[in-house]
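This report refers to the structure that appears directly beneath it.
The values are calculated or read from the model by the stated rules, or taken from the named source; none is laboratory data. These numbers were taken from a predicted model, which means no experiment stands behind them. Heads up, the Cβs are rebuilt from the backbone with ideal geometry, glycines too, and the neighbour counts pull from every protein chain shown.
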Amino acid sequence: MPKFLTFKKGGVHPDDMKALSKGSPIQRITMPKEIVISMSQHLGAPAACIKQKGDSVRKGELIGEASSFISANIHSPVSGKIVDIRKVTLANSVSCDALVIEPESDDDDTSFESPIDYTGFSSEELLQKVKESGLVGMGGATFPMNVKLSVPIGKKVDYLVLNGVECEPYLTADYTLMKEKTEEILLGAMIIARIVNPKFIKLGIEANKMDCVALFNEVIERKGYPIEVIPLKMKYPQGDEKQLLKATTGREIPSGKLPLDIGSIVCNVGTVYATYQAITFGKPLFERVVTVSGNCISKPGNFLAPIGTKVCDLIEAAGGFAFEPEKLISGGPMMGFSFWDLDTPITKGTSGILAIRFDEKPARQTNCIHCGKCVAACPIGLEPTRLYNLIKNGKYAAAMATDLMDCKECGCCAFSCPAHLPLVQAFRMGKKLGRVKK
Amino acid sequence: MIKVSSSPHFHSKQSTSKIMYLVSIALCPALIWGVYSFGLRALLVVAVSIATSVLAEYLFGLISKENTIADGSALVTGLLVGLNMSSNVPLFIPIIASAFAIIVVKWTFGGLGCNWMNPALGGRVFVFFSFTSAMNHFVLPNSLAAIDRVSSASVDSLTSATSLTFLKTTLSTGDISGMNAISMFQNQNYPVTQFAQSLSEKIGINPYTLDAFFGNMRGCIGEVSALLLLIGGIFLIVTKVITWHIPVSYLVSYALFNWVFGGIPYGTGAFSGLLIDPLFRGGLMLGAFFMATDYVTSPITPKGRLIFGIGCGFFTFLFRSFGSLAEGVSLAIILMNIVTPTIDRFVKPRKFGYIKPDKSKGGK
C-alpha cells in the first residue's frame, strides 16, 4: 500500500456516493428547446450583453463581453434566435439578466473541429486567446482564467497544480473527463505551462480514482511530459486550492492571499480541458460536463450540456425523477447551492445537479455541547463553535476579528456537528452583516 | 416539496443523543460488574439516580418549554451519579445528588452545554460533603466478603473504608517507615481474593493490584473494576466519542507524579512511589474516561485537552497524597473544569496560512 499524501489539518470523510454515476460515459444531451444564458457566469462583474432581442446568433458567437478586469466573455452555445432578455435567478441566488435563445437546427456540428496550429503563438497570444474564449475555473469558483494565468512581472510560478481531486461526494464530471480525455487534458496542461512557465507541473488525484492515475501515467510515460501525477488520500475538502497545494507542494497560502502569492497556480482538470479546446480548436467555453445524480434520479450519469441548459432538460436526459426529491442541489452536497426552480439554468461553474431525498429524518438541533468536533474538522484551524456563539449574539465585529473571513464555508464543521447547528449558515450571515457594520 | 437550505446538505450520522447513548453503553460493563459485586441494592441506587435526574430534566423542560429528555444527557448524568454512590447508601442521597446535578449545576446555567461544572460530579461532591459519613461507608464486594469473615480481624476497624482511605488512616497512625502501599496491605492482612492470589503466583504481580484491577475492592458501584472501565473507555475512543488526549494525559501524568513524589508521605523520598497500582484505586479510571472527558466542561482543542488532563493528574495526586481526604478525583476534575474556559481562551488551534513564508522556498 503506497503512502498517499494529503493535507494534515482537519477535514472530514463523507461517503463518496460516486458509484451512482461513475460508470456512465459522457453523453451529449439532445438540444434543449430553450437555452437561458445568464450574464453572470463567473466570479466578478457580470458580462455586458451585446445582443438584442430578436438578433440571430451563431454557435460560439460572442454575446456578452467582459465588463471589467475580473469578468469573462460569454458565447452562445447554439445557433439560434434571441427570443427574450429577462431576469433569472441562478442556483446560487444571484439574480441577473439572461438571454433566452431558441436553437434553430442541431446539425451544424462541424464547427470547432478543425485544429489550429498554435505552435508559433507566444504566451501573450495564448493568454489573449484564453481571455477571448471566456474561460473560467470550472471547479465551482469560476474565477476568470486569464486573470489567474496573468503572472505579474517579478513573480515566478514554481508549481502548476492540476486539480483532479473532485472531493465532493456524488460528482463524477471530472472523473469521466479524465478517463475519456486523458491526452487532451495533458495537452491542455502543456498549453497552460507555456503561458505561465512553471518549474514543476503536478496533477493531484484522490485515491478513489486510481484508474485515472494509471491512465495519466501511461500517457505521460509514452509522450514524455514533465508532469507528476500525485495520488492523494481521500479527504474532504482536498479539492480546495488551499488544501490541494498543502498536500501536493507543502506550501500554505497565507490568509487572504492567492495561490500566485506562493508561486503556484491551481487549475481544475475541466478548465484545463476547456483551455485545450479553446487553443486547439478555437472553441470558446460554451458547454461543459455536468453530473446528474442523487437517489431521486432514474439514470444518474455525466452529460455534456450547453451552458444555459435548464435543469429540467438535464434531469429529463437522466431519465427523469425516480422519486420526488426533497432537495435539488447545484454542485456537490458539501458546498453546493440548493434551489427549487427546475427552470434554473446551469452556468460555467455547475459541476453537478443532484436530486436527493433523505431516508432518515434529520436529528434534532440541540445546544452546542462543546465537543470540539468542529474544531477538529476545520481545515483552516478556526473555532466554529466560538464564531457561532459570537454571531448568534450579534457580535459581528468580534467574529470578524476572530478571523471569520478566513472561513471558506467548506462545511466540515456543520457536517460533523452532533448538535446539528447551522454553522455555515451562521457564518454566511455573519460575514454579510459584519461587512455592512464595518 | 423541495426544501432550500444552506450548505452542507450532507451530515455525518453523529448526533447529541447518539453520543449520550454510546456513553451509557460504555458504562454498562462497569454497572453490571457493580451489581454483580454489590448485589441488587446497587442496581436500585443507580435506578433511583437515573429516575431522579430524568424527572428533574423533564420538569425543567416544562418550564423552559423544550423537551430535552430525548438528547440522553440526563440519562448519562443520572447513571454517573448512581455509579458514584456506595451500594449501601441511604436512597435519599442519590436523589439529592441527581436533583442537585440537574437543577443547580445544569439548569441554573441554561441546560445542556451551558454548565461550567460536570453535573454528575457536582452532585456527588455536594452530597459527599453534606453526608460525609454515609458517603464514606462502603461494603466489601461479594468476592471479598466471604474471605474477610474467615481471615483476621485486623481490618475490622476499617471495614467500611475504601483501600485508599485504609492507606491514609494507616499512614496517619501506624509505623510506616520504609513501607509502600503494597507492603502496608500485606502488613495489615488486607483481604485478597483466591483468584488474585493464584494469578499472582503465576505472573508475579502482587495480588492487591490484581484485585484492584479486576474490581475486587471496596468502592462506589461503578468505580471498582479498572479493567471494565478501561474497556468502556477504549470503546468510546474507538467510536470517536472522546479523543485519547484527556484520559491518556490524565493517567500518565498522575502515574508519573505519584512515582516521583508519591513516596514522600511514606518517608521513602523521591522516585519511590508506586507507578501502576494507584491507577486502579478509587475513582480514577471512571474519572479519567467518563468524567474528565465530559465535552461541556473540558477544552475543545487537543492541546488544551492535554493541559487539562495533566492538570487533573496533578491535582488528583496532590489531593490523594497530601490532602486530608483519601480521594481526589472529583475535586481535581472540578478544579480543572473551572480552568477550562481559560485554557480555551489561550490555547488556540494553529490557523492555516498564518506561518511566516519560508524565504528559501520562494514566495514573498
- Note on the structure: Those residues of the stretch B:108-143 that are more than 14 Å from every other protein chain (Cβ to nearest Cβ) and either touching a Phe, Trp or Tyr at 6+ places or on another chain (Cβ under 8 Å) or more than 30 Å from B:GLU66 (Cβ to Cβ) (or both) come to a total of 20
- Query: Got at least one residue in the stretch A:22-30 being of a type in the set (Gly, Ala, Ser), farther than 23 Å from A:THR347 by Cβ and within 14 Å of chain B (Cβ to nearest Cβ)?
  - Reply: no
- Taking the stretch A:385-424, which residues are at the interface with another protein chain (Cβ under 8 Å from one of its Cβ atoms) and aliphatic (A, V, I, L, M)? A:ALA414, A:ALA419, A:VAL424
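Quick grid of which residues meet (1) among the charged types (D, E, K, R); (2) within 14 Å of chain B (Cβ to nearest Cβ):
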position: A:LEU203; (1), (2): no, no
position: A:ALA207; (1), (2): no, no
position: A:PHE216; (1), (2): no, no
position: A:LYS233; (1), (2): yes, no
position: A:TYR236; (1), (2): no, yes
position: A:LYS246; (1), (2): yes, yes
position: A:SER255; (1), (2): no, yes
- What is the number of the single condition among (1) within 14 Å of chain A (Cβ to nearest Cβ); (2) over 16 Å from B:ILE221 (Cβ atoms) that B:VAL54 does not meet? (1)
- Being in contact with a strand residue (DSSP E or B) (Cβ under 8 Å, 6 or more places away or on another chain) and either at the interface with chain B (Cβ under 7 Å from one of its Cβ atoms) or closer than 26 Å to B:GLY111 by Cβ (or both) is the filter here, so list the residues in the stretch A:357-384 that pass it. A:ALA377
- Query: If you take the residues in the stretch B:69-93 that are of a type in the set (Ser, Thr, Tyr) and under 15 Å from B:VAL105 (Cβ atoms), which one is nearest to the other protein chains (Cβ to nearest Cβ)?
  - Reply: B:SER73
- Item | Verdict on A:VAL36 being under 25 Å from A:ILE297 (Cβ atoms) and surrounded by 22 or more Cβ atoms within 10 Å (Cβ to Cβ) | no
- Identify, from the list B:ASP294, B:ASP344, the residue that is within 14 Å of chain A (Cβ to nearest Cβ), crowded, with 24+ Cβ neighbours inside 10 Å and of a type in the set (D, E, K, R). B:ASP294
- Query: Within the stretch B:97-148, which residues are under 23 Å from B:SER37 (Cβ atoms), among the small types (Gly, Ala, Ser), out of contact with any Asp or Glu (no Cβ under 9 Å at 6 or more places or on another chain) and in contact (Cβ under 8 Å) with a residue 12 or more places away in the chain?
  - Reply: B:ALA97, B:SER98, B:GLY123, B:ALA134
- Of all residues in the stretch A:327-355 being within 11 Å of another protein chain (Cβ to nearest Cβ) and out of contact with any Ser or Thr (no Cβ under 9 Å at 6 or more places or on another chain), which is surrounded by the fewest Cβ atoms within 10 Å (Cβ to Cβ)? A:TRP340
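Here is a yes/no grid of residues against (1) polar (S, T, N, Q); (2) in a helix (DSSP H, G or I); (3) surrounded by fewer than 19 Cβ atoms within 10 Å (Cβ to Cβ); (4) without any contact (Cβ under 8 Å) to a residue 24 or more places away in the chain:
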{"site": "B:PHE10", "(1), (2), (3), (4)": "no, no, no, yes"}
{"site": "B:ILE25", "(1), (2), (3), (4)": "no, yes, yes, no"}
{"site": "B:CYS28", "(1), (2), (3), (4)": "no, yes, yes, no"}
{"site": "B:GLY34", "(1), (2), (3), (4)": "no, yes, no, no"}
{"site": "B:SER37", "(1), (2), (3), (4)": "yes, yes, no, no"}
{"site": "B:ARG41", "(1), (2), (3), (4)": "no, yes, yes, no"}
{"site": "B:LEU44", "(1), (2), (3), (4)": "no, yes, yes, no"}
- Task: Look through the stretch B:302-316, keep the residues that are touching a Leu at 6+ places or on another chain (Cβ under 9 Å) and touching a residue at least 60 places away in the same chain (Cβ under 8 Å), and return whichever of them is nearest to the other protein chains (Cβ to nearest Cβ).
- Result: B:GLY309
- strands (runs of 3 or more DSSP E) wholly inside the stretch A:144-241 containing at least 1 residues that are under 30 Å from A:SER416 (Cα atoms) and under 18 Å from the mean Cα position of the chain (by Cα): A:159-164, A:200-206
- Need at least 3 residues that are hydroxyl-bearing (Ser, Thr, Tyr) and touching a residue at least 40 places away in the same chain (Cβ under 8 Å) per element, so show me which helices (runs of 4 or more DSSP H) inside the stretch B:199-301 make the cut, counting only ones lying wholly within it. B:245-261
- Listed by range, helices (runs of 4 or more DSSP H) wholly within the stretch B:77-169 having at least 1 residues that are at pLDDT below 95 are B:119-130, B:132-135, B:142-150
- Take the residues of the stretch A:289-326 that are in a loop (DSSP other than H, G, I, E, B) and of a type in the set (Gly, Ala, Ser): which is nearest to the other protein chains (Cβ to nearest Cβ)? A:GLY294
- Query: Taking A:LEU354, is it farther than 16 Å from A:GLY140 by Cα and among the hydrophobic types (A, V, I, L, M, F, W, C)?
  - Reply: no
- Task: Please work out if B:VAL54 is within 23 Å of B:LEU229 (Cα to Cα) and modelled with pLDDT of 90 or more.
- Result: no
- Residue under evaluation A:ARG428, criteria (1) surrounded by fewer than 19 Cβ atoms within 10 Å (Cβ to Cβ); (2) more than 7 Å from chain B (Cβ to nearest Cβ); (3) basic (Lys, Arg); (4) in contact with a Ser or Thr (Cβ under 7 Å, 6 or more places away or on another chain), criterion not met: (2)
- Query: Within the stretch B:16-30, can one find any residue that is farther than 22 Å from B:ILE231 by Cα and more than 13 Å from every other protein chain (Cβ to nearest Cβ)?
  - Reply: no
- Message: Being loosely packed, with under 15 Cβ neighbours inside 10 Å, farther than 30 Å from A:PRO231 by Cβ and more than 22 Å from the chain's Cα centre (by Cα): is that true of A:LYS51 here?
- Response: no
- Query: Has the stretch A:220-227 got any residue that is within 14 Å of chain B (Cβ to nearest Cβ), out of contact with any His (no Cβ under 8 Å at 6 or more places or on another chain), buried (at least 16 other Cβ atoms within 10 Å of the Cβ) and touching a residue at least 40 places away in the same chain (Cβ under 8 Å)?
  - Reply: no
- Message: Quick test of your reading of the structure: B:GLY353 fulfils all but one of (1) buried (at least 16 other Cβ atoms within 10 Å of the Cβ); (2) in contact (Cβ under 8 Å) with a residue 60 or more places away in the chain; (3) at positive phi. Name the failing condition by number.
- Response: (2)
- Query: Checking B:LEU318 against (1) closer than 14 Å to A:CYS371 by Cβ; (2) surrounded by fewer than 24 Cβ atoms within 10 Å (Cβ to Cβ), which single condition isn't satisfied?
  - Reply: (1)
